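Visitor: Sharing a structure with you now.
The values are calculated or read from the model by the stated rules, or taken from the named source; none is laboratory data. No experiment lies behind these values; they were computed from the predicted model shown. Ideal geometry is used to build each Cβ from the backbone, glycine not excepted, and the neighbour counts take in all protein chains shown.
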Amino acid sequence: MAADTLRAEALTFSSADEVIEAFHERRWTDGLPIIPPTEERVRAMIDAAGRPGPDVVGVVPPRWAEATVEHVAINAVMAGCLPAYMPVLIAAIEAACDPAFVLYSVQATTHPCAVLMVVTGPIVEELGLNYSHGVFAPGNRANASLGRAMRLVLINVGGAIPGHGDQSTQGSPAKFSYCIAENEAATPWEPFRVEKGFSSEDSTVTVYSGEAPHNVNEHVCDSPFTTLRVIASVMTTLANNHVTGVSKGDCLVVLGPEHAHSIAAGGLSRRDVQTYFWETARNPVGRIHDRGPHTANWPEWVNREDMEAMVPIVAVPEDIHILVAGGPGKHSCFIPTFGFQRSVTRRIERG
């Protein structure tokens with residue numbers, strides 16, 4: 001399928017209010033007021049990207065339109081980004097447009113998944129991204145505007161307008177803005193990006209097709225394994241897509257620092273945690289065999305005739321990604337994904 005080419009053009013308005021109202025009328029927003037993308041502001045964004053405006057960053061479904069650096073810059077301005085944020089946004093859009101991510105399904109499905117951006121590395125402190133208290137919450141410009149800029153690109157370039165390109169039955173507040181950072185100082189294991197094969201000097205962004213986070217409230221467990229067992233119980237809910245799409249996708253567990261340190265204090269590595277979840281977060285065949293048409297995705301070793309056989313939520317332990325983020329308090333969360341595609345990580349390139 002040939003990609004559509006969108007052409008940016010200059011429009012003339014008499015006031016910022018007129019710009020905002022015109023953009024709302026054309027459905028070029030997420031429903032919130034935008035920053036008018038003046039030529040001067042857009043040029044500053046393009047310059048910060050270190051790439052020419054016409055360069056194609058990726059092809060965005062379901063419209064299958066080319067997102068150029070200029071298109072990204074326009075939406076970044078509208079979202080309230082600073083120019084310094086552009087390298088993160090460019091890398092995230094490249095990752096989301098990777099075929100492995102299957103962005104068409106993420107954009108067009110009835111499922112309430114959104115593109116979650118996870119940033120890690122030196123750039124987190126440089127840009128002031130929030131990784132501590134309220135990491136998923138509002139209140140931080142970098143997190144909020146970067147997540148919002150991704151959504152505006154998905155709408156304005158990709159055509160993911162609710163009820164049209166975006167067919168999500170109920171949607172999700174995560175579709176307004178979904179961007180977090182790793183709390184590297186509170187991580188008892190190697191940094192997230194290093195675990196993925198990058199160097200500690202690199203900065204990276206990973207995209208997931210994430211549902212809104214499901215809180216794990218655990219204040220009383222007295223051992224690493226009892227804490228992990230509580231988290232695993234959330235991961236096995238019959239309502240998430242991993243129950244039937246087990247061999248296709250991956251998922252994310254975001255441990256609060258207190259949970260992470262109590263688990264690590266018991267001598268458990270990140271791989272131990274992944275293995276525990278893989279072995280424990282399972283459902284018996286009898287509970288899920290009629291949940292949908294995707295049981296063919298189960299690993300070959302699952303005996304489909306044995307109603308007591310236990311089915312994992314992903315194919316291998318490494319498909320359960322473990323990130324540490326948030327502030328004090330004994331809370332963690334599980335983020336199911338669409339379940340049928342892979343997260344993608346990109347190094348953030350700065351000119």
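Visitor: Being without any contact (Cβ under 8 Å) to a residue 60 or more places away in the chain, of a type in the set (S, T, N, Q), farther than 23 Å from D272 by Cα and out of contact with any Leu (no Cβ under 9 Å at 6 or more places or on another chain): is that true of S168 here?
Guide: The answer is yes for S168.
Visitor: Sticking with this one: Cβ-Cβ below 7 Å, separation at least six or inter-chain, first residue in segment 51-80 and under 18 Å from F23 (Cβ atoms), second among the aromatic types (F, W, Y): which pairs?
Guide: So the pair list comes out as A76/Y85.
Visitor: Shifting gears a bit: A73: within 21 Å of C179 (Cβ to Cβ), modelled with pLDDT of 95 or more and buried (at least 19 other Cβ atoms within 10 Å of the Cβ), yes or no?
Guide: Yes, satisfied.
Visitor: Pairs, please: C-beta under 7 Å, at least 6 apart or cross-chain, first residue more than 16 Å from N283 (Cβ to Cβ) and in segment 308-326, second part of a loop (DSSP other than H, G, I, E, B) and of a type in the set (F, W, Y)?
Guide: From segment 308-326, the pairs are A325/Y131.
Visitor: Please find, within segment 10-56, the residue that is surrounded by the most Cβ atoms within 10 Å (Cβ to Cβ) out of those that are over 24 Å from the mean Cα position of the chain (by Cα) and of a type in the set (K, R).
Guide: R51
Visitor: When both residues are 6+ apart or on different chains and their Cβ atoms are under 9 Å apart, which pairs have a first residue that lies in segment 3-26 and is within 18 Å of V72 (Cα to Cα), and a second that is of a type in the set (S, T, Y) and in a loop (DSSP other than H, G, I, E, B)?
Guide: Close Cβ pairs satisfying both conditions: F23/T29.
Visitor: So which residues in segment 267-322 are assigned to a helix (DSSP H, G or I), closer than 24 Å to T226 by Cβ and of a type in the set (S, T, N, Q), if there are any at all?
Guide: Once the filter is applied, which keeps residues that are assigned to a helix (DSSP H, G or I), closer than 24 Å to T226 by Cβ and of a type in the set (S, T, N, Q), segment 267-322 yields Q274, T275, T280.
Visitor: Just one of E66, E70 is part of a strand (DSSP E or B) and on the phi < 0 side of the Ramachandran plot; which is it?
Guide: Sole residue among the options that is part of a strand (DSSP E or B) and on the phi < 0 side of the Ramachandran plot: E66.
Visitor: Still on this structure, I have one more. Kindly indicate whether any position in segment 271-280 is outside the structural domain of T206 (by TED's automatic domain parsing), more than 22 Å from A239 (Cβ to Cβ), of a type in the set (F, W, Y) and without any contact (Cβ under 8 Å) to a residue 24 or more places away in the chain.
Guide: No - not one qualifying residue is present in segment 271-280.
Visitor: In addition: Could you please give the count of residues in segment 81-105 that are aliphatic (A, V, I, L, M) and part of a loop (DSSP other than H, G, I, E, B)?
Guide: Here the count works out to 2.
Visitor: Given the criterion within 29 Å of R347 (Cβ to Cβ) and buried (at least 19 other Cβ atoms within 10 Å of the Cβ), identify the matching residue among V243, V205.
Guide: So the residue among V243, V205 that is within 29 Å of R347 (Cβ to Cβ) and buried (at least 19 other Cβ atoms within 10 Å of the Cβ) is V205.
Visitor: How many of the residues in segment 105-149 are buried (at least 24 other Cβ atoms within 10 Å of the Cβ) and on the phi > 0 side of the Ramachandran plot?
Guide: Number satisfying all stated conditions: 1.
Visitor: If you take just the strands (runs of 3 or more DSSP E) that sit entirely in segment 106-217, which of them hold at least 2 residues that are within 16 Å of the chain's Cα centre (by Cα)?
Guide: 114-120, 179-181, 204-210
Visitor: So which residues in segment 215-226 are surrounded by 15 or more Cβ atoms within 10 Å (Cβ to Cβ) and in contact with a Cys (Cβ under 7 Å, 6 or more places away or on another chain)?
Guide: V216, the sole residue that qualifies.
Visitor: Which one of V234, V253 is within 30 Å of A325 (Cα to Cα), crowded, with 21+ Cβ neighbours inside 10 Å and not basic (K, R)?
Guide: Every option except V253 fails the conditions.
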